[in-house]
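Comments concern the structure below.
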Amino acid sequence: MPALGGFVVSGNPELSASLDDSRVTQGEDRTLNLQVNNQGEVDYGSASGLESQVTKARGMTVDLRSGSAPVTIETNQRTVGQLSGESSTQVPFDISVAENAEPGIYTLTAEVEYEYYSKITQSDAGLRSYNEQSETDTFQVTLRVEDSARFEIVDTESDVQIGSTGTVGVIMENTGTETASDASVELESLNSDLTFGQSSSGTRYAGEWEPGERKTIEYRVTASDNAEQQRYAFRVTASYDDSDGVTRQSKSRSLGVTPLPETNFELSNVEPSLRVGEDGTISGTVRNGGDLVARDVVVRLTGQLQNLNPTDREYSVGTLEPGQAADFDMEIEVNDAAASGPKQFVFVADYRDTEGDSRTSDDLPARVDVAPGSDAFAVSIVNGSVEDGGSTTIGVEVTNTANETLSAISAKMFADSPISVSDSEAYIDELGPGESTTIGFSVGASDALPKQYPLSVDFEYDDADGDTLLSDRYRLPIDVEESSGGGGFPLPLIGVGVVVVVAIGGYMRFR
């Protein structure tokens, strides 16, 4: 028995351990809460406030070990501090359940180390002494691996183009042993270049999902203009209700999406037929050099070219499969003020992508030449000789060298003394491109030396647009031969010739 004024108190902590929720599923990453209880006991003695000292666990550390269970304990040993009698605490441990864990019951080992005062003694003089002990308690806790749904990525599909919106399809399989109910799948982009509209993630409802069943979950994804043709990271997570109606979340899976390049169009075989002062064409070939179908393709001429006026700036070539090409041509009016030489034409291709969105290609430049203006006619003389002192009918062959039909062609011939033209006009109703005809003029020579003299002819005509134009003046040679009758011309005839020359000169000035 203790002496008067002194006392002895003895006791110890009484610990136990269990898991707060022991159910886990295959492939699951979660936190297990190990609950440690202290039902401390006082063996002997009583002293106000000291009973709690002998039942308190001090400097307590907890270690959880997996043993043969198909789990990995991710958390190291935990330090709890102290745990008073008649109290409990929860110690969290992060674990990872193996993907191929067999459903069943497994045992984990919890090891708790702590110190406590086994006895506190106070002498008659009031001096206290403490008997400190160290203890290690080992507990077996039960872990239940249950049947569960588990989701794996089988494949991915994507037609997302840089600068466009497309579809990303994720093919997933429930590789677990339990049906998932009310399943939904979230796809999250880890880069701002690929987004779900204004959001970084998108969620789709998948409904009931049987074990072994595959589903394709599709998302609308937009790749910015700054995106590159590289693999972008995404994360996919499934949420579902298990057979007990408990909402669970699958382990996140990673996948990559590489956006397709923008549809690339190529321009080739650009052939101009352009000449100053004439209507012409520019033709070429456009090719879909991308990997996707381009629909409703229209080749369009952009920008303004001085003195060159396209009749129509667009040419529809329809749908172009990858690698497919189509020809186009456009009519161009080149007016008289245009300068000949190389010109830069810039085309673009307007089209609809696989999602039906309107797109426009990069510029497709082409360097083409505009030829100098040409005479509308080619002329040559037929039967081009006359005797001095006589007259004859000569023929002039006229060919339409323009690329359009010319009509209402009025021809006028001129000559200087000693050559005269008494029948100087002719008319051609119509000449098609490249077509020729011969017209006649009455020509005379008076007091002329035997040699070649020049004749001139021009044309007033209407082009295909109905405009009335005046051609350049064409020069033709005529041969004067000696008179077979000999002698000179009488003076009165010379006077008449002078009058004719004066009249012709006045007419020329008028024209």
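The values are calculated or read from the model by the stated rules, or taken from the named source; none is laboratory data. Computed from a predicted model, the values in this text were never measured in an experiment. Every residue, glycine among them, receives a Cβ derived from its backbone with ideal geometry; neighbour counts consider all protein chains shown.
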Looking at region 364-377, can you tell me whether even one residue there is within 30 Å of residue 316 (Cα to Cα), touching a residue at least 24 places away in the same chain (Cβ under 8 Å) and of a type in the set (Lys, Arg)? yes
Please go through (1) in contact with a helix residue (DSSP H, G or I) (Cβ under 9 Å, 6 or more places away or on another chain); (2) of a type outside the set (A, V, I, L, M, F, W, C); (3) over 20 Å from residue 89 (Cα atoms) for residue 29 and return the number of the only condition it doesn't satisfy. (1)
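Among what's in region 295-313 and is in a loop (DSSP other than H, G, I, E, B) and on the phi > 0 side of the Ramachandran plot, pick the residue that is surrounded by the most Cβ atoms within 10 Å (Cβ to Cβ).
In the first step, residues of region 295-313 are kept if they are in a loop (DSSP other than H, G, I, E, B); the result is 303-304, 306-307, 311-313.
Checking the rest, the ones that are also on the phi > 0 side of the Ramachandran plot come to 303, 307.
On the way: 303: 10, 307: 14.
Checked region 295-313; the qualifying residue surrounded by the most Cβ atoms within 10 Å (Cβ to Cβ) is 307.
Quick grid of which residues meet (1) within 21 Å of residue 252 (Cα to Cα); (2) in the same structural domain as residue 225 (by TED's automatic domain parsing); (3) among the acidic types (Asp, Glu); (4) surrounded by fewer than 16 Cβ atoms within 10 Å (Cβ to Cβ):
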{"site": "137", "(1), (2), (3), (4)": "no, no, yes, no"}
{"site": "166", "(1), (2), (3), (4)": "no, yes, no, no"}
{"site": "178", "(1), (2), (3), (4)": "yes, yes, yes, no"}
{"site": "184", "(1), (2), (3), (4)": "yes, yes, no, yes"}
Scan region 49-79 for residues that are assigned to a strand (DSSP E or B), closer than 24 Å to residue 10 by Cβ and either under 54 Å from the mean Cα position of the chain (by Cα) or among the hydrophobic types (A, V, I, L, M, F, W, C) (or both) and report the count. 2
When the residues of region 339-354 are filtered to those that are in contact with a strand residue (DSSP E or B) (Cβ under 6 Å, 6 or more places away or on another chain) and modelled with pLDDT under 85, which remaining residue is surrounded by the most Cβ atoms within 10 Å (Cβ to Cβ)? 353
Selection within region 412-434 - exposed (fewer than 14 other Cβ atoms within 10 Å of the Cβ) and outside any strand (DSSP E or B): 432, 433, 434
Looking at (1) assigned to a loop (DSSP other than H, G, I, E, B); (2) under 24 Å from residue 297 (Cα atoms), which one does residue 245 not meet, given that it meets all the others? (2)
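Restricting to region 179-227, name every residue that is of a type in the set (A, V, I, L, M) and closer than 22 Å to residue 354 by Cβ. Explain how you work it out, then say what you get.
Here is the first cut: in region 179-227, the ones of a type in the set (A, V, I, L, M) are 180, 183, 185, 187, 190, 194, 206, 217, 221, 223, 227.
Within region 179-227, 187, 194, 217, 221, 223, 227 meet the criteria.
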State the number of residues belonging to region 11-26 that are buried (at least 17 other Cβ atoms within 10 Å of the Cβ) and either in contact with a Phe, Trp or Tyr (Cβ under 9 Å, 6 or more places away or on another chain) or within 28 Å of residue 58 (Cβ to Cβ) (or both). 6
